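To start, the structure under review is shown below, and the notes come after it.
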Amino acid sequence: MEQIVSGKSQVSALSAISEAFALIIDGKSLAYALEDDMKNIFLELAIGCASVICCRSSPKQKALVTRLVKLGTGKTTLAIGDGANDVGMLQEADIGIGISGVEGMQAVMSSDVAIAQFRYLERLLLVHGHWCYRRISSMICYFFYKNIAFGFTIFLYEAYTSFSAQPAYNDWYLTLFNVFFSSLPVIAMGVFDQDVSARFCLKFPLLYQEGVQNVLFSWRRIVSWMFNGFYSAIIIFFFCSRALEQQAFNDEGKIASKDILGGTMYTCIVWVVNLQMALSISYFTLIQHIVIWGTIAFWYVFQLAYGALPASFSTDAYRVFVEALAPAPSYWFITLFVVIATLTPYFLYSAIQMRFFPMYHEMIQWIRHEGLSDDPLYCEMVRQRSIRPTTVGFTARRAASRRQ
Amino acid sequence: MDTNGATTSSAAGGGSTSKSSSKKHSRKPVYSRFTQQELPACKPILTPGLVIATFTIIGIIFIPLGLVSLSASEKVVEIVDRYDESCVPSDYSNDKLKFIQNPSINKSCVRTLTVPKLMKSPVFIYYQLDNYYQNHRRYVKSRSDKQLRSVSDEKSTKDCSPEDKTVDGPIVPCGLVAWSLFNDTYGFSVNSKTIEVNKHDIAWKSDKEHKFGSNVYPKNFQSGGLIGGAKLNSSVPLSKQEDLMVWMRTAALPTFRKLYGKIEQDLQANEKIQVVIQNNYNTYSFSGKKKLVLSTTSWIGGKNDFLGIAYIIVGGLCLFLAVCFILLYVIKPRPLGDPSYLSWNRSPAGHPN
């Protein structure tokens, strides 16, 4: 008890001058340190140290230490182990990583992620961890965006049908929007997207901080994407309905009925939602090209196929594309205009942000683009100036302060 | 505290590496670019050149398109004449409903339209209705497409109620959409010479050939107590009832026009056209408006300046943005990769924002 208290006062006294401490405790002492009256002080001491080594501890103690840290600090904990004695610890931690190999498969079977060697942990965290964080946050934000853009046009149309719940689009168009016309690009983004390649993730390990600090899924970002959806829907709806008012729709004097307005607006939505995807990712493999352009092409194919079904099934979408929409120049003019007008604000925002307020991964993209990625001095400068004082160990901090 | 580091919390992987590399049968998975996520990829970023080029191209394409659309729309000549207020005789001006619902009063009305510019044939005649919600859900549902297509489905009227059947059998065509068929008629003459109105080919071809059957004849139509609109000639099949087909193609918005017919002769400038209107249709009970429209068309359609003006505005804006970006990049270049702009370095002590 005294040792713990004196150790704690040592740490707090010297923390002001950036001294790093390590705590070493063995199994027998751990048994006392983990008792209820002592464990909070022990935890505070351990948190103040740069690193803690608990040796000769039993499996139960490993699990208890993990639980203490997890509950006491409220942060995400990761445990890695390869033997059967690590099972308790792996299960207790938020993320348990098992190493398969010498000591058998027990650790692997009770873990969340299994790797073959300890050194692969670096790649797991810095490369895959960063990619996964980015993919999931982008995917969720984009999902909100595309559904808001689609649903809000329907809501705006309701204002013109005296809120009688008449949708602007044909029933099957409504149903299949999230199945055929906007799902594959998002899935491709969630599975394959990379903002920087694996090599750069390892070279600039501070990229991982984007996940720790939750910069890509902050409330501000979520709300901005939703706002993007809202204003896209507003632009699409009002421009389409203003351009297709009561005047003749084509040179034969025919008028734009509900199916024509619905078909035009839906075309604009499909284009906008897919081109927005193309604007927000910066990694185009063959897969991305196929799903984005393929989805847009499939919309036209679908209109042809669905319109060719007998009118008893396709109701008001019967032959709409072939007969009314495709031959009319105003359809193509309106589509081109509405799509570009909707995406220009986002493009403008993106251009300004990329150049004047880039995020860390965007800076790395610039470095790669400029070809400076192999210049060790430049990279060192980027890395060192990015370091926060509390996240790295003693020697690195001293080196950084000397450099400054 | 001990300084011994015998059993550590993390496993020592060093021992296993030498053993696995000496195994002859390697368990390393087969390398493929797809599974290692190293597919050949294009990684574009928004360089200044790309941004400026994009805005310039959009501006260069949009402004001519806008000018072309605007000039086409300006060439269209349109005459709009609202007649529902003035076509009610003065003794009924306070009780228009009584006027319109009384079948014995003469509903004729004569209007004079002046042609502002030369209108080349074909001149299209439309009737425009305001505040008429043809896109209301219950109204849109109240029809039976099956019945319209074939005689054998005469009895499938389930969505049409209350206009589905009478004591004599099912109503063909059933439903509120058909029941409310517009029934004002217009007769045109200039210098006491009647102008022919062509009422053929005013409906879409797919309506005539596929949606309305050629062996389906109107039956029991408008025979009930409440008459909602026009009556139909029961010896003409539905596929030839052009007015019905045009009316049944429901409009998108509450203000809409529908094609009434075509005039296939030129109308000279400053000609005075006499129109004899039968003001039958009741729009007075819901403060709707009725207008008669004569309009020519251009290759893009009718008169709507919005698209042309909007193209020009957006094109101009994009060119302006391109110029702004050029100035910005020239005046305020930024060193790339400057980490002082990182979010966690901008706030003091590196606190998360």
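What follows is calculated from the coordinates using simple rules that are stated; it is not laboratory data. Quick caveat, the model's predicted, so the values are computed rather than measured. All Cβ positions, even for glycine, are placed from backbone atoms using ideal geometry, and neighbour counts span all protein chains on display.
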Inset, instruction - Give the shape of region B:50-182 as rounded, prolate or oblate, defined through the alpha-carbon gyration tensor: a ≥ b ≥ c are the square roots of its eigenvalues, a/c under 1.5 means rounded, and otherwise the shape is prolate if a/b is larger than b/c and oblate if not. - result: oblate
Legend entry - Relative contact order (%) - criterion: Cα under 8 Å, at least six apart; region: region B:193-277: 39
Inset, instruction - Could you list B:Leu176, B:Leu327, B:Leu307 in order of exposure, starting from the residue whose Cβ has the fewest other Cβ atoms within 10 Å? - result: B:Leu327, B:Leu176, B:Leu307
Inset, instruction - For region A:20-116, just the Cα set please: Rg and Dmax, both in angstrom. - result: 13.5, 40
Legend entry - Out-of-range pairs (alpha-carbon distance over 24 Å; input B:Lys155/B:Lys258; A:Lys203/B:Lys43; B:Lys120/B:Lys193; B:Lys141/B:Lys199; B:Lys158/B:Lys231; B:Lys205/B:Lys272): B:Lys155/B:Lys258; B:Lys141/B:Lys199; B:Lys205/B:Lys272
Legend entry - Projected area, mean over directions - the protein assembly as shown, Cα convex hull, nm²: 46.5
Inset, instruction - For A:Leu174 and A:Arg119, compute 0.36 nm times the residue count separating them, minus their Cα-Cα distance, and round to one decimal in nm. - result: 14.8 nm
Inset, instruction - First measure r as the distance between the Cβ atoms of B:Arg111 and B:Asp91, then evaluate 1/(1 + (r/R0)^6) with R0 = 22 Å and state the FRET efficiency to the nearest 0.05. - result: 0.70
Legend entry - Around A:Leu216: net Lys/Arg minus Asp/Glu count, Cβ-Cβ under 9 Å: +1
Inset, instruction - For a footprinting-style exposure proxy, rank B:Lys290, A:Lys70 by other Cβ within 10 Å, fewest first. - result: A:Lys70, B:Lys290
Inset, instruction - Would you kindly work out the equivalent ellipsoid of region A:122-383 from its C-alpha gyration tensor and give its semi-axes, the square roots of five times the eigenvalues, largest first in whole Å? - result: 41, 18, 17
Inset, instruction - Would you mind telling me which residue in A:Val113, A:Val196, A:Val223 has the biggest mean-square fluctuation in a Gaussian network model of chain A, where springs connect alpha carbons within a distance under 10 angstrom? - result: A:Val113
Inset, instruction - Return the long-range amide H neighbours of A:Ile53 (sequence gap of 5 or more, or a different chain), with a cut-off of under 5 Å between placed amide H atoms. - result: A:Leu23, A:Ile24, A:Ile25
Inset, instruction - Amide H neighbours of B:Thr185 under 5 Å, at least 5 residues apart or on other chains, H built in the peptide plane: list them. - result: B:Gln278, B:Asn280
Legend entry - Neighbourhood charge, 12 Å Cβ-Cβ cut-off, centred on B:Lys199 and excluding it, Lys, Arg +1 and Asp, Glu -1: -3
Inset, instruction - Apply the Kirkwood formula to chain B: the hydrodynamic radius equals the inverse of the mean of 1/r over all pairs of different alpha-carbon atoms; give it in Å with one decimal. - result: 27.4
Inset, instruction - Using the number of other C-beta atoms within 10 angstrom as an exposure proxy, rank B:Ile45, B:Ile331, A:Ile148, B:Ile202 with the fewest first. - result: B:Ile331, B:Ile45, A:Ile148, B:Ile202
Legend entry - Any cysteine of chain B lacking a neighbouring Cys Cβ under 4.7 Å - listed by number: B:Cys42, B:Cys318, B:Cys324
Inset, instruction - Please identify, among B:Asp164, B:Asp207, B:Asp95, the residue showing maximal mean-square fluctuation in a Gaussian network model of chain B using a 10 angstrom Cα cutoff. - result: B:Asp95
Inset, instruction - Select from B:Pro173, B:Pro44, B:Pro254 the residue whose mean-square fluctuation is largest in a Gaussian network model of chain B (Cα-Cα springs shorter than 10 Å). - result: B:Pro44
